[in-house]
Amino acid sequence: MEPFRRHVFVCMQEKPEGIASCPAHKSLPVLQALEREVISKGLDDEVQVTTSGCFGLCDDGPIVIVYPEGAWYRKVQAEDVAEIVGSHLKLGRVVSRLAWTDSAAMKAQAIEHRDRYRAAVKAREAAAVR
């Protein structure tokens, strides 16, 4: 049994300069809009909004995931929030124009992002050692 009908995760993972991140793509305004819209629609006892760490898909951020459906949304902007809340969180209809359903592409991008991030961290560490 779930304590909430739906659980929404918004990536808020900061990254070093030069590395893509959801906050760099304006995930904070998305989070704030979600919180306001959920409350204004009277869904705050049914929908939990939670910040999260990186999902590895930062190039297409902000990333928002809704459970229990496991719907992944990409490139979400604050102006998309009313539609997500009204359609998905209230009525259970995934917003197809924002949904990312290509799991192979998602995995490939996550691996590519991870490798770029690790290389950047390694380069920064090497530069600091000198």
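A few notes on this one:
- Subset of the range 102-111 [assigned to a helix (DSSP H, G or I), surrounded by fewer than 13 Cβ atoms within 10 Å (Cβ to Cβ) and of a type outside the set (G, A, S)]: K107, I111
- Of all residues in the range 78-125, those being within 30 Å of E46 (Cα to Cα) and of a type in the set (D, E) number 4.
- Of all residues in the range 37-68 being free of Cβ contacts under 8 Å to residues at least 12 places away in the same chain and over 14 Å from H7 (Cβ atoms), the one that is surrounded by the fewest Cβ atoms within 10 Å (Cβ to Cβ): G42
- R93 within 30 Å of I111 (Cβ to Cβ), free of Cβ contacts under 8 Å to residues at least 24 places away in the same chain and part of a loop (DSSP other than H, G, I, E, B): no
- Residue match in the range 28-39 (condition: touching a helix residue (DSSP H, G or I) at 6+ places or on another chain (Cβ under 7 Å) and either part of a loop (DSSP other than H, G, I, E, B) or under 21 Å from D102 (Cα atoms) (or both)): no
Each reported figure results from applying straightforward, stated rules to the coordinates on display, with no laboratory input. Remember, it's a predicted structure, so these values are computed and weren't measured experimentally. All Cβ positions, even for glycine, are placed from backbone atoms using ideal geometry, and neighbour counts span all protein chains on display.
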